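To keep things clear, I will list the structure first and then write my remarks on it.
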Amino acid sequence: MMEKPYKIFTRETAVYPKEREEEYLLLGLASEVGELLGKHKKEIRGDGKNFSAKLDELGDVMWYIYRLCDHYDIEPNMVRYNNYVKLTQRKERGVLKGDGDNR
């Protein structure tokens, strides 16, 4: 059995009002990142490491990223490539550290 592309899978598991898709996806992404951070906070507190829980949260983050890419009609590979080029250029210019989008 051939695995379907993940983007198609996310379409089949998307349950939200289409007319508010962008807002829903952005809020969902923020929420899932918050849950991932919450798992990490508990590790700092001393509750032990929970790789499985972080793996689950990262999967949820990925789902939202793929849905957003689909919403914006952008291929995830394009996002990764664009980020690769940006970071490579910053590395070559010695400006990986610092802040601001245009460095």
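Condition check ((1) within 21 Å of R20 (Cα to Cα); (2) modelled with pLDDT of 95 or more; (3) assigned to a helix (DSSP H, G or I)) across all residues:
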{"position": "L55", "(1), (2), (3)": "no, yes, yes"}
{"position": "D60", "(1), (2), (3)": "yes, yes, yes"}
{"position": "W63", "(1), (2), (3)": "yes, yes, yes"}
{"position": "Y66", "(1), (2), (3)": "yes, yes, yes"}
{"position": "I74", "(1), (2), (3)": "yes, yes, no"}
{"position": "R80", "(1), (2), (3)": "no, yes, yes"}
{"position": "T88", "(1), (2), (3)": "no, yes, yes"}
{"position": "V95", "(1), (2), (3)": "no, no, no"}
{"position": "G98", "(1), (2), (3)": "no, no, no"}
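For G28, are the conditions met, namely being under 23 Å from R11 (Cβ atoms), touching a Phe, Trp or Tyr at 6+ places or on another chain (Cβ under 6 Å) and modelled with pLDDT of 95 or more?
Details: under 23 Å from R11 (Cβ atoms): yes; touching a Phe, Trp or Tyr at 6+ places or on another chain (Cβ under 6 Å): yes; modelled with pLDDT of 95 or more: yes.
Judged against the criteria, G28 is a match.
Residue count for region 15-69, restricted to those that are open to solvent by 60 Å² or more (accessible area, probe 1.4 Å), in contact (Cβ under 8 Å) with a residue 12 or more places away in the chain and more than 21 Å from N83 (Cα to Cα): 4. Test of understanding: among R80, R67, R45, R90, which residue is touching a Ser or Thr at 6+ places or on another chain (Cβ under 6 Å) and not hydrophobic (A, V, I, L, M, F, W, C)? Result of the check over R80, R67, R45, R90: R67.
The values are calculated or read from the model by the stated rules, or taken from the named source; none is laboratory data. None of these values were measured; they are calculated from a predicted model. Ideal geometry is used to build each Cβ from the backbone, glycine not excepted, and the neighbour counts take in all protein chains shown. Protein only, heavy atoms only, side chains kept; ligands, DNA and RNA dropped before computing areas. Shrake-Rupley method; radii C 1.70, N 1.55, O 1.52, S 1.80 Å.
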